[in-house]
Amino acid sequence: MLYYFAYGSNLLPRRLQAPERTPSARVLTVAELAGHRIEFTKLGQDGSGKCTVLACEDPARRVHGVVYSLDPAERPALDRVEGAGYHVQTLSLDTPDGPLEAFAYVADDDAVDPSLRPFSWYHALVVAGARHHAFPEEYVAALARVPAVRDPDCERDRRHWELIPPGLLDVSVSS
């Protein structure tokens with residue numbers, strides 16, 4: 001099995017376990033990446049901002065995420081849906097049971113644009129995933145405050161909103 005650290009839209013298990021992604025994925029543990037921050041500044045294939053992690057000077061800053069175990073045969077499918085502009089990096093994580101290494105997708109330097117905004121459905125998937133795993137309230141609140149924009153592709157927008165269980169949706173995120 002492979003260990004994969006999700007910190008963005010793949011936090012929500014039903015997104016990651018979709019047939020075109022990694023249906024074998026199972027939550028192993030929550031984890032934190034120390035000395036990093038999360039940003040929605042990676043250029044997505046749809047032109048919007050996607051999540052990435054960036055190293056920062058403050059060792060107290062942390063990105064919360066989830067480590068999934070997944071079948072190695074599904075890794076190529078996950079590489080495909082994550083798309084261009086990401087490279088795979090092995091990260092050292094802190095978990096409730098001690099240190100653990102897992103791979104993650106981190107934006108290439110030339111794929112980062114601070115002016116990008118996530119589509120509202122993508123933003124909502126990230127926030128819903130953080131709520132699903134009961135991340136600290138202040139972390140979830142910080143994610144929820146990230147500005148998002150409406151997706152001009154109505155069908156894609158509808159399809160992604162359907163992934164979010166109603167109990168994890170907050171009206172302040174869905175606008």
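The values are calculated or read from the model by the stated rules, or taken from the named source; none is laboratory data. Just so you know, these numbers come straight off a predicted model, no measurement behind them. Quick reminder, even Gly has a Cβ in these numbers, built from the backbone with ideal geometry, and neighbours come from all protein chains shown.
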Every pair of residues 6+ apart whose Cβ atoms lie under 6 Å, when the first sits in the stretch 112-137 and is within 15 Å of Asn10 (Cα to Cα) while the second is of a type in the set (A, V, I, L, M) and surrounded by fewer than 18 Cβ atoms within 10 Å (Cβ to Cβ): Val127/Ala144; Ala128/Leu168; Arg131/Leu168; His132/Leu168; His133/Val30
When residues of the stretch 82-91 are limited to those that are surrounded by fewer than 16 Cβ atoms within 10 Å (Cβ to Cβ) and modelled with pLDDT under 95, the one nearest to Arg14 (Cα to Cα): Gly83
Within the stretch 27-48, does at least one residue satisfy the condition of being touching a residue at least 60 places away in the same chain (Cβ under 8 Å), surrounded by fewer than 17 Cβ atoms within 10 Å (Cβ to Cβ), in a loop (DSSP other than H, G, I, E, B) and charged (D, E, K, R)? yes
Within the stretch 59-78, how many residues turn out to be charged (D, E, K, R), within 16 Å of Leu93 (Cβ to Cβ) and either touching a Leu at 6+ places or on another chain (Cβ under 6 Å) or not in a strand (DSSP E or B) (or both)? 1
So for the stretch 92-115 (the condition being surrounded by fewer than 16 Cβ atoms within 10 Å (Cβ to Cβ), in a helix (DSSP H, G or I) and either of a type in the set (A, V, I, L, M) or at pLDDT below 95 (or both)), does at least one residue qualify? no
Determine which member of the set Ala18, Ala73, Ala55, Ala34 is modelled with pLDDT under 95 and more than 18 Å from Arg131 (Cα to Cα). Ala18
For the stretch 19-59, how many residues meet the condition of being within 26 Å of Met1 (Cα to Cα) and of a type in the set (Ser, Thr, Tyr)? 4
